[in-house]
Structures are given as structure tokens and as C-alpha cells.
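Bear in mind that the values in this text are calculations on the coordinates, not laboratory data. Predicted model, so just to flag it, every value in this text is computed and none were measured. FYI the Cβ positions are ideal-geometry reconstructions off the backbone, even for glycines, and counts take in every protein chain you see.
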Amino acid sequence: LFTDVTAAPADPILGLTEKFNADTDPRKVNLGVGVYQDETGKLPLLAAVRAAEERLAAEPKPRGYLPIDGMKLYDDDVKALVFGEGSDAVTSGRTITIQALGGTGALKIGADFLKFLNPDARVLISTPSWENHRALFTRAGIEVGEYRYYDPARRGIDVDGMLADLRAAASGTIVLLHACCHNPTGYDLTPAQWDEVIAVVKAGGLVPFLDMAYQGFAKSLEEDGAVVRKFVDAGLSFFCSTSFSKSFSLYGERVGALSIVCADADEAKRVLSQVKIVVRTNYSNPPTHGAALVETVLKDADLRALWVDELAAMRDRIKEMRQALVAGLEAEGVTDFGFIAEQVGMFSYSGLTKDQMIKLREEHHVYGTDAGRICVAALNAGNVEYVSKAIAAVL
Ligand code: LMR
């Protein structure tokens, strides 16, 4: 049965963690996967999450099946967080939000539903994009193309190229957009550039799919979420995937959501009925614990305020680490890496070549993706000097 099965390559991101775990060198640093670590190099358990855990544990509940589309209170709270309490997208009843297995799970449910809607569907992703976008949409049977995004020559976004590629796309083409903290480059469109993108998307009849895995990591939750509201204000129907892996440090709980903004409440009901079939035929219904934690925090004013503060502290620490890396590189004579402090989110797109990244890994035990992406959220005062020296050595 399996004689013709060939060995698949390791995952470009999670495969690095496997290699890192097998590395016995005490100096090793994992800047591969997008995971925030605190100043001591540990994965944090947020105080807001700990308090929610304690509340849930004080009144343990039986674990029945959740509805196919997830816990209703969670879905409602997430919808309010993503779109804003009084948003017309919420009050009109034209938006559905379903609990999903992290941001990836939300993307996959969205992709499967899009394939159901249009068997000839095509999606455009940015060059470059998160490695899994291409694989995920391809596996969902959707042809993947690209629009220009990052221009290495000027270390920034090629907005004209992006707009030209979107203008050239056929009506009905899905456009995967990163709502904030573009992964892997760390370069986001300005509000005015978003307006231009929205105008082109609208004029061309394109189908926007916003991936928002890092809300609160560039600026505040509201500021990072402003892009979603722009799409609502433009009167567009669109998809939005949300992840709480990073913002709640709940990676292993697989807690996220998929929202779909429809034309009206009746359409939303019909869409939900079809999306539920996609969920039911994939994993039946989502798990309880992660969503219960997030919902406990979101609904309680004190816990929510605590979480917002903790998220701000993670964001600020990442910014400090960007400065520390720039300074560390300068101390090693590398003076043209100031761009690291301009990028936002968890990643820096370092410009290092694949060969340099391999050298960094093999000779210095510092892990980043072959594309040159490094997770600055995993730097700390104890490893930033070592990492700076290692990068300087391979340059
Ligand atoms: C990343 O880009 O490193 C994260 O989104 C984790 C993942 O699943 O790839």
C-alpha cells in the first residue's frame, strides 16, 4: 500500500523546531517558529489566562460536545473584538463568527468553503507569505498565485506592484491579505495604502481573506484591528481568520476563529449552514478548553484589562529586542541593519540568504527559516549578544 510513498520534506517552520529540539548544543537559540518567549527565554503563561484557569477549575464542568460552530459566548465575544462592539457588521447580523482550531484551522475552513463555492477558485498570496498559506490553499484544491509585496532592493513594500497585480486579477479571485504584522516581512501597508488596496479589490470584484494572527503585536488591539473595519466600511463581503495562539500565549490550545461578513443577515444564515457542514466533515466540532479560557478573559472587565496590559508588555519587549539586536549587530560592525527596528510583529525579515541561514543553524545553532526570517520575540538579554555575533559571523 505505501511502497510508492515518497518522504515529504520537513515543514519549513515547524520542522526547524524538530531540528532545534534534537540539537544538544547549550548555546542553541530557536528563532524559527513564531512563538513569544519572555525575558528569561520561557513561554509565558499569562496572568489573565492563569486567573481564568483558576476560575474554570473552581467550577469544573462536564465536557459535552460544543455546537458545530463553537461556543456561542466565545463566538460573540470574538466577533465584538474583531469588528468592534457597535460595528454595523455585528449589529446587522450579517457577520458569522465560528470557533476554529487556531488561525490555521480558520484558514482551512475558509479555504474549503471557498472551494465549495467555486471549484475553479484561485487565490493570490503575497510574495513572500507565510509558508503554510500556499500549502494550505493548494491542499484545499485552490490554485495559488502571487501578488508582489516585498521589494528587497528598497527594503519595503512594492505598493505599485501589488496594486498592479491585484488590478490584473480576474473577478472572483481570492486575495489573501495580512491584516497586521505581515508574516514574514514585518512590513505593513499604511492606512492610505490600505484604502488603495480596498478600492482595487472592490472595483475588481475580488474576494478578500484577511489573516489576522497577530492582532495587538504591531500597535494596540484597536489600531491593528482598524484594517478589518476599513473592509466593513467599504461594504465588502469578506473572510477574516483570527488566532489567539500568540496574543493569549495559548499555542497548544488551538484557539482561533473564522468570521465571514455577508451582504445581509439572511445570507449570513445560509452561509453559516454551509460552513457548519465544512466543520462537521473536518473535525465535527471544536474543543472546549481554550475557547473557555479566552471567553472567560474577554467577558470579565478586570481580566480583560490585565490581558490587554500583558499583550502591550509583550509588544513592548519585542520592540526593545529589535533595538537590542540592532545595537548588538552595530557592536559587531554590522551597521546597515537598522531596518530591524522599523519592522513590526514577531518577525524580522533579515535579508540573509538561505546559505547564511543554514550556516547560522549549523555553525552557531541559531535557528531561523531558510527565507531569512527570524523571530525577534524569542530574543532576550541573555541571548541577543550571542545571536548578534552569530549573524555578524555569517554575513
Ligand atoms: C509562524 O509563522 O511561525 C507561526 O505562525 C507558527 C506556524 O504555525 O507556522
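Under 15 Å of direct C-alpha separation, and excluding same-chain neighbours fewer than eight residues apart, Lys28 reaches these aspartates and glutamates: Glu18, Glu362, Glu363, Glu385. Taking θ as phi - 60° and the Karplus parameters 6.51, -1.76 and 1.60, the scalar couplings of region 346-356 work out to 7, 10, 10, 8, 7, x, 5, 7, 4, 4, 5 Hz in sequence order, x denoting glycine and proline.
Rounded to two decimals, the Cα-based Rg/Rh of region 65-299, with Kirkwood Rh, is 0.94. With a cut-off of 12 Å between beta carbons, the residues surrounding Leu124 carry a summed charge of +1, where Lys and Arg count +1 and Asp and Glu -1. Among 100-110, 284-294, the peptide with the highest mean count of other Cβ atoms within 10 Å heads the list, and the full ranking is 100-110, 284-294. Listed peptides 361-374, 240-253 appear in the order 240-253, 361-374 once ranked by packing, highest mean of other Cβ atoms within 10 Å at the front.
The dipole here belongs to region 65-299: it is taken about the Cα centre, uses +1 on the Cβ of Lys and Arg and -1 on the Cβ of Asp and Glu, and is about 520 debye. Considering only the other residues whose Cβ falls under 10 Å of the Cβ of Gly161, what net charge follows from Lys and Arg at +1 and Asp and Glu at -1? After counting each charged neighbour, the total is -3. For region 40-125, the Kirkwood hydrodynamic radius comes to 16.2 Å, computed from all pairs of different C-alpha atoms.
A protection proxy built from the mean count of other Cβ atoms within 10 Å ranks the segments 305-313, 123-131, 163-171, 330-338, most packed first, as 123-131, 305-313, 163-171, 330-338. In the structure shown, the pairs Lys72/Lys299; Lys230/Lys319; Lys79/Lys276; Lys42/Lys299; Lys219/Lys354; Lys42/Lys79 are assessed against 24 Å; a Cα-Cα span above that value is assigned to Lys230/Lys319; Lys42/Lys299; Lys219/Lys354; Lys42/Lys79. Taking Cα centre as origin and charging only the Cβ of basic (Lys, Arg, +1) and acidic (Asp, Glu, -1) residues, the dipole magnitude of region 249-378 rounds to 560 debye. Rg ratio for the chain: its Cα radius of gyration over 2.2 N^0.38 Å, N being its residue count, equals 0.98. The local environment of Thr242, defined by Cβ-Cβ distances under 15 Å, has a net charge of -4 under the rule Lys, Arg +1 and Asp, Glu -1.
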